[in-house]
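Presented below is the structure to which this report refers.
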Amino acid sequence: MLFSSIIGQDEIKGRLRQAVADNRISHAQLINGPEGCGGLALAFAFTQYLYCHNRNAGDSCGKCPSCVKCSKLVHPDVHLVFPIALSKDVRVSDNLLAEFREAFLPDPYLTLPDWFGSIGAENKQPVIAVDESASILRKLSLTTFEGGYKTMIIWLPEKMNVQAANKLLKILEEPPEKTLFLLVTENEDQLLRTIVSRTQLIGLMKLPDPVLSEALHQRHGSSPEDAARIAFLSDGSYSTARRLMSENESAALYLRLFQQWMRACLKFDAVKVIEVIEDIAPLKREKHKEFLRYTLGILRECLVMNYASDTLVRLQGEELDFIKKFARFIHAGNCERFIDAINKASAAIERNAAPKMLFMDLSFRANELLNIPLPV
Ligand SMILES: [Zn+2]
């Protein structure tokens, strides 16, 4: 990871580069900053810079063998500890290293919920357990492959249980030669004070709106207006910004599909219905459910518009323009059956129903329901 891949945090990057230039690298550093500000990514950029055979004043070269290994998280002198969901087979981070690389490499702003989601452990307790301390000691006792530093990156040390934290403290009190500890925390105040006092603190800030907005524009091609709006809602977190952006993109896709689908269903234009189903079917099962939830949301807004007040409608922009025209088709005479049909479809998806059949059935049902006249 290059320093240039890290959004903002220029002052801190400068300090880290200077420390390398002066050869005054503190052996234990605590990178503290809120979720989504890039702490872990920065730890990897710093490590890569430190090991690079060909660094310049601003960044690592990104091409030398050392940079290549660092960028794939396979450098033999760089070790990594992260929270895991303990099980019979998973006792230390190394048991999930391959999975971690797979999750982190495409997404260096990975959050803990993202990481746990990627291993299907959403409902489990993230922990760094005591077995990890023995593993850390063992790794630090190895000789280095390239004769320089051994680095131990510990992501979210606040997830260490008491025994693990006490053992880590012992290691920090008597660190092996040429060892660099980079502790990346989101909650410095949840760490043992004695650990914090053994480290040099690197405080990361939330990303300022203009920095975040520029990154969204540059990296994702968001329009300046979208980028500014999302940055405003993201409270300085790139991870939040990206999630909002993907929801934004999904909403745009779902609106387009829903519009085409309902138009095709109204008069049952079979060719068009099939075209829309061909667009929907290849999406993942989660997306099918999300699309149906979106559909329910639109129906709800139509009812609000028809029976409450326009001012209570939560939608804006294109979606609002659409429901202003569509709302007249959703009324007391059909809404209950419509909602019921969608809920049943959603439950069928849960049970692995074939999507093409399911959306075709739902299209027939929608045709029937949309043509029920408004009760007088
Ligand atoms: Zn290099």
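Odds and ends about this structure:
- Highest to lowest packing among 230-240, 63-73, scored as the average C-beta count within 10 Å: 230-240, 63-73
- Ordered by the number of other Cβ atoms lying within 10 Å of each residue's own Cβ, fewest first, Glu286, Glu214 fall into the sequence Glu286, Glu214.
- Crossing angle, helix 285-307 versus the chain [Cα axis fit, 0-90 degrees, rounded to tens]: 50 degrees
- Around the amide H of Leu2, modelled in the peptide plane, lies no amide H under 5 Å away from a residue 5 or more places distant or on another chain.
- Treating r as the C-beta distance of Asn371 and His220 and R0 as 41 Å, the FRET efficiency rounds to 0.50.
- Taken one residue at a time, the phi angles of region 344-351 give Karplus couplings (6.51, -1.76, 1.60, θ = phi - 60°) of 5, 4, 4, 5, 5, 4, 4, 8 Hz. Gly and Pro are set to x.
- Value of Rg to Rh for the chain (Rh from inverse mean 1/r over Cα pairs, i.e. Kirkwood): 1.09
- Degrees separating the helix 238-266 axis from the principal Cα axis of the chain, which is the longest one: 20 degrees
- The trypsin sites (Lys or Arg not before Pro) of region 329-376 meeting both criteria, a DSSP state outside H, G, I, E and B (loop) and at most 16 other C-beta atoms within 10 angstrom of the site's C-beta, are Arg351.
- For the residues Lys88, Lys289, Lys13, a GNM of the chain with alpha-carbon springs under 10 Å puts the largest fluctuation on Lys88.
- Note that region 185-193 has calculated 3J(HN,Hα) couplings of 10, 9, 9, 4, 6, 8, 8, 4, 4 Hz, one per residue in order, obtained from phi through the Karplus relation 6.51 cos²θ - 1.76 cosθ + 1.60 (θ = phi - 60°); glycine and proline are x.
- Approximate spin-label separation Val162-Arg293, in nm, with each point projected 7 Å along Cα-to-Cβ: 3.9 nm
- Paramagnetic reach from Asp189 (point 7 Å along Cα→Cβ, amide N under 19 Å) across region 116-159: 156-159
- Close amide-amide hydrogen proximity is noted between His79 and Thr151, Met152, Ile153, each under 5 Å apart and 5 or more residues distant or on a separate chain (H modeled in the peptide plane; Pro and chain starts excluded).
- Listed from fewest to most Cβ neighbours within 10 Å, the set Val304, Val20 follows the order Val20, Val304.
- Built amide H within the under 5 Å cut-off of Met160, gap 5+: Ile128
- Between helix 10-21 and the chain there is an angle of about 30 degrees, using the helix long axis and the longest principal axis of the Cα atoms.
- Part-to-part distance (alpha-carbon centres) for region 18-71 and region 243-286, which is given in Å: 45 Å
- Where Cα atoms sit under 20 Å apart: lysine pairs in region 241-370 separated by 8 or more or lying on different chains: 12
- Restricting region 175-206 to GluC sites (Glu not before Pro) in coil, as DSSP defines it, with at most 13 other Cβ within 10 Å: Glu177
- Packing-based exposure ordering (other Cβ within 10 Å, fewest first) of Leu374, Leu112, Leu172: Leu374, Leu112, Leu172
- Rounded to whole Hz, the Karplus (6.51, -1.76, 1.60) HN-Hα couplings of region 149-156, x for glycine and proline: 6, 9, 10, 10, 9, 10, 8, 6
- The simple spin-label model puts a point 7 Å past each Cα toward its Cβ; for Ala270 and Lys170 those points are separated by 7.6 nm.
Since every read-out is calculated from the coordinates, none of them should be taken as a lab result. Here the structure is a predicted model, which means the values were calculated and not measured. Positions of Cβ are generated from backbone atoms using ideal geometry, with glycine treated the same way; all protein chains shown enter the neighbour counts.
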